[in-house]
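Read through the structure below, which is laid out as structure tokens, and then see the notes.
The values are calculated or read from the model by the stated rules, or taken from the named source; none is laboratory data. This structure is a prediction, so every number in the text was calculated from the model and none was measured. Using ideal geometry, Cβ is built from the backbone for each residue, glycine included, and neighbour counts are taken over all protein chains shown.
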Amino acid sequence: MSYTKEELEACLKDAFSIENRAAHEKAGLGVWQIGTVQRGNKLVDVYEDTERNHWYSNRFLTDHGIVSEFEYIFGHPERRQPQRKTKW
């Protein structure tokens, strides 16, 4: 299904940050991106899960291309924690 900008804006009115899916007890649901809304230099990616809940994440347009919200704020990509090896 294709969403119009107006439909995406309506979805954003009740959307939560996708980073908070676990806090809303929705982390186990399937989720897919349904569109992106541009607001100035901010790109808001809109997602929907299998229960039709809406989620969003932010990216930003810069002189160097599109960057994550973390990189836009702090000036460098988010550092990932190294995965620990499990000893059996």
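Quick rundown of the values:
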read-out: Pair list, Cβ under 6 Å, 6 or more apart: the range 50-71 residue farther than 15 Å from N20 by Cα, other residue small (G, A, S) and not in a strand (DSSP E or B); value: T50/G30
read-out: Failed condition for R59, given (1) at pLDDT below 95; (2) within 12 Å of the chain's Cα centre (by Cα); (3) among the basic types (K, R); value: (1)
read-out: Whichever residue in the range 23-47 is more than 19 Å from S68 (Cβ to Cβ) and aliphatic (A, V, I, L, M) and, among such residues, is nearest to the chain's Cα centre (by Cα); value: I34
read-out: Residue list for the range 50-78, filter: among the charged types (D, E, K, R) and either at positive phi or assigned to a loop (DSSP other than H, G, I, E, B) (or both); value: E51, R52, D63, E78
read-out: The lone exception for V37 - which of (1) surrounded by 15 or more Cβ atoms within 10 Å (Cβ to Cβ); (2) touching a Ser or Thr at 6+ places or on another chain (Cβ under 6 Å); (3) not aromatic (F, W, Y) it fails; value: (2)
read-out: Inter-residue pairs, beta-carbon under 9 Å, first in contact (Cβ under 8 Å) with a residue 40 or more places away in the chain and in the range 1-16, second assigned to a loop (DSSP other than H, G, I, E, B) and among the hydrophobic types (A, V, I, L, M, F, W, C), 6+ apart; value: F16/A23
read-out: Residues located in the range 8-26, provided they are surrounded by 12 or more Cβ atoms within 10 Å (Cβ to Cβ) and part of a loop (DSSP other than H, G, I, E, B); value: A15, R21, H24, K26
read-out: Given (1) assigned to a loop (DSSP other than H, G, I, E, B); (2) touching a helix residue (DSSP H, G or I) at 6+ places or on another chain (Cβ under 9 Å); (3) polar (S, T, N, Q), number of the condition Q81 does not satisfy; value: (2)
